[in-house]
1. Could you calculate the contour length gain from Lys7 to Arg35, that is, 0.36 nm times the residue separation minus the distance between their Cα atoms, to one decimal place in nm?
2. Over the chain, what is the relative contact order in percent, taking alpha-carbon pairs closer than 8 angstrom and at least six residues apart?
3. Which of these, Ser12, Ser51, Ser39, has the largest mean-square fluctuation under a Gaussian network model of the chain (Cα springs below 10 Å)?
4. Using a 1.4 angstrom probe, figure out how much accessible area the chain has per residue, in square angstrom, rounded to the nearest whole.
5. [x] 18, 50, 25, 7, 0; [y] 16, 39, 34, 10, 1; [z] 18, 61, 20, 0: which one is P(r) over Cα pairs in 10 Å bins from 0, in percent as calculated from this entry?
Amino acid sequence: MKVGFDKIDCVSFVSSKLIPQLRDTGELLKGFDLRDTTSKLLVIIGNFRRSQQVMDFKQVDFLGFSFLIFEIFNIEI
């Protein structure tokens, strides 16, 4: 982050039932050292429920929405 990229796509908020490896995304995001950086953080969300979850993280500047043609991936779990 100290390199100075404008935006950094850093984490994804998805269902831990579908992708258990990403269940600690929030903890990872809390650990980012954002002092001395001008970079903005972008996180990927899978659905509306995840967008609400991200609202607890003030360090997030942008939301990226993943949309796939597979209906099962886009449902709220």
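The values are calculated or read from the model by the stated rules, or taken from the named source; none is laboratory data. Since the structure is predicted, the reported quantities are computational estimates derived from the model, not experimental observations. Keep in mind that these areas ignore ligands, DNA and RNA; they rest on the heavy atoms of the full protein, side chains included. Shrake-Rupley method; radii C 1.70, N 1.55, O 1.52, S 1.80 Å.
1. Numbers: separation 28, 0.36 × 28 = 10.08 nm, distance 1.52 nm.
Gain on stretching Lys7 to Arg35: 8.6 nm.
2. Working: 106 pairs, mean separation 25.9, N = 77.
So the answer I get is 34 percent.
3. The residue with the greatest mean-square fluctuation here is Ser39.
4. Numbers: 5580 Å² over 77 residues.
Accessible area per residue: 73 Å².
5. Given [x] 18, 50, 25, 7, 0; [y] 16, 39, 34, 10, 1; [z] 18, 61, 20, 0, the structure-derived one carries the label [x].
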